[in-house]
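J.: Questions regarding the structure given below will be posed in turn.
The values are calculated or read from the model by the stated rules, or taken from the named source; none is laboratory data. All values reported here derive from a predicted model rather than from experimental measurement. All Cβ positions, glycine included, derive from the backbone under ideal geometry; neighbour counts span all protein chains shown. Note: areas computed on protein heavy atoms with side chains; ligands, DNA, RNA excluded. Shrake-Rupley method; radii C 1.70, N 1.55, O 1.52, S 1.80 Å.
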Amino acid sequence: MSPHTLGIFSVGDTDISSKKVLLRLDLNSPIDPKSKRISDDSRIRAHAESVKLLLDQGAAVAILAHQGRPGDSDFTTLEEHGERLSKYVGQRIEYIGDIIGPHAIRTISLLKPGEAVLLENVRFLAEEMIEAPPEDQGSRIYVRKLSKLFNLYVNDAFGASHRSQPSIVGFPVVMRGAAGPLMIRELTEISRAFSEENRPRVFVLGGAKIPDTVRIIKNIASRKAADKILLTGLVSLVYHMALGTDLGPDNKSFLVSKGYDKLLEEVRVTTKLGVEIVLPKDYRVLRGDVVENTCISSLNMGGRALDIGEETIEEFSNIIRSAGAVVMRGPAGYIEDMRFRAGTEALLRSALESRARVIIGGGHLGSMIPGDYDRNRILISTGGGALLTLLSGEDLPAIEALKISAKRWW
Ligand code: 3PG
C-alpha cells in the first residue's frame, strides 16, 4: 500500500534538510508496576530508525509522544523514554520536560539541523484528552501555538493512529503533514499479511482496553472480517457476565468498579452478528494465596480469574493451529505476575508453531516473542488498537487527517 494510493504524502516526498519537523511518535510502553520503569522498549527501538533517518537528512526534530492515560498507573513522564531513544538513535535526544511553556518554545526555536529534542508526555495537556474531528482539533490552543514553530508535521505513530486526538489529527489540518517511515511500513506490511486467501481467520483478543475491544469486535463481526473470535483476559469475563454467568463476588465487583457493567447491552449485540465468539471454559483463579484451575460454573465460589485455564488453552490452541490467519492482540491474563503468564505463552506458542499467517499487535505480546521467529509468516506490529481498527475495516483518523493535509497544504 503506497502513500499515494492512500491519498497521503510521506516524509520521503519532500526535502527536509534544515527544516523544523514536529514528529509524532508512539513511544507508549508497558511500565513495570513495581519499579515504574519501562519493561519493554520495542516501540522505542522501532521508532529510533525513523528519528535517525530524519536527522541524517538534516532536519531539526522535536518529538511529541504520550505515555499512559491520566489516572492510570502507567501515566508518567517521558524522561526514561528520552534516555532509551538517545541510546538507540546513537545521539543525545534531550528530554525537555515541557510542551508549550517558554522552555519548550525557546528550545525549539534554537534547534539546529541534525538535532532532536523530546517534548513532555503530551497527555499532560488537558486538550490532548479530547477526542474530536480533525477540524476541531486543529483549533486547540496548543496546536495553534506549536504548529507555528515548524515547517512540517510527520506522523509516525501508527500505534496511536486510531485516536482522533489533537497530536494525531489536529496538526495535519493546519500545516503540511506527512506519514513517517514506520507508519508507511506498518500499513504496507499489514495489508500484505491480511490477504483474503488466508482463511479461516481467527482473532484472539485479550488485554485491558475493554470499551475499545468491544467496539472493535462489533466492527469485525459486522464486516465478517473474522471467522472466529477467541476471547481471553478481562474482555472474556465481561462477555461471560453479559451472557449471565455468575462470576462470583470478586470478579463481579472488579468489573463493576471499572464501569464495564455499563457495556453489557453493547456486548450482547456483538454476540448476535453471525461470527462465532468463543469464550474460556475455565480460568486460573487466585483465592487468598492459592492459585487454582477453576471451571466457569465454580467461579461463583470467589477469587479473581487472572488467566485462562488448561481446558481453554487446549481448545484455543487447536483452533489456532488449524487457522489460515491469526490476529492476536492483548495478553490472556495478568502477565505482570509470573503465575498468570501460562495462557498467553501457550497461545503465542501455538500461533508461532502453526502454519497460519500471524499478526501480533501491541507491546505486551510482542515482548514475549523469541527473537528467532519466522519473519516471512509472522508480523509483529507496533499497533494494538490501531492494528485492530485497521483490520476491522474502520478508517484510521490519522490517515484521514493526512488526506486532508495532502489536499490542503501540498
Ligand atoms: C496504544 O498503546 O494502543 C497506543 O499508544 C494508544 O494508547 P491509548 O490506547 O492509551 O490511546
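J.: Identify the residue in segment 189-218 that is within 16 Å of the ligand (Cβ to nearest atom) and not hydrophobic (A, V, I, L, M, F, W, C) and, among all such residues, is farthest from ARG321 (Cα to Cα).
T.: Here the answer is PRO211.
J.: Can I ask one more? Can you say whether ILE168 is among the β-branched types (Val, Ile, Thr), open to solvent by 10 Å² or more (accessible area, probe 1.4 Å) and under 21 Å from the mean Cα position of the chain (by Cα), as far as the supplied structure shows?
T.: no
J.: From the residues in segment 42-87 that are open to solvent by 10 Å² or more (accessible area, probe 1.4 Å) and among the hydrophobic types (A, V, I, L, M, F, W, C), which one is nearest to the ligand (Cβ to nearest atom)?
T.: So, considering only residues that are open to solvent by 10 Å² or more (accessible area, probe 1.4 Å) and among the hydrophobic types (A, V, I, L, M, F, W, C), the one nearest to the ligand (Cβ to nearest atom) is PHE75.
J.: Just checking, which of ALA398, ALA386 is modelled with pLDDT of 95 or more, within 13 Å of the chain's Cα centre (by Cα), within 16 Å of the ligand (Cβ to nearest atom) and not in a strand (DSSP E or B)?
T.: After applying the criteria, what remains is ALA386.
J.: Further question on the same structure: Pick out, from segment 72-140, the helices (runs of 4 or more DSSP H) lying fully within it that include 1 or more residues that are closer than 16 Å to ASP26 by Cβ.
T.: The helices (runs of 4 or more DSSP H) meeting that bar are 79-89.
J.: A further question on this structure: Regarding LYS20, is this residue touching a strand residue (DSSP E or B) at 6+ places or on another chain (Cβ under 8 Å), more than 16 Å from the ligand (Cβ to nearest atom), among the basic types (Lys, Arg) and modelled with pLDDT of 95 or more?
T.: Answer is yes for this residue.
J.: Still on this structure, please answer the following. Checking ALA126 against (1) within 16 Å of the ligand (Cβ to nearest atom); (2) among the aliphatic types (A, V, I, L, M); (3) surrounded by 15 or more Cβ atoms within 10 Å (Cβ to Cβ): exactly one of these is not met. Which one?
T.: Only one criterion is unmet by ALA126, namely (3).
J.: Sticking with this one: Restricting to segment 222-253, what's the tally of residues that are over 20 Å from SER317 (Cα atoms) and within 20 Å of the chain's Cα centre (by Cα)?
T.: Counting residues in segment 222-253 that are over 20 Å from SER317 (Cα atoms) and within 20 Å of the chain's Cα centre (by Cα) gives 1.
J.: Of the residues that make up segment 191-205, is at least one assigned by TED's automatic domain parsing to the domain that holds GLY82 and under 21 Å from GLY7 (Cα atoms)?
T.: The answer is no, given that none of the residues of segment 191-205 is assigned by TED's automatic domain parsing to the domain that holds GLY82 and under 21 Å from GLY7 (Cα atoms).
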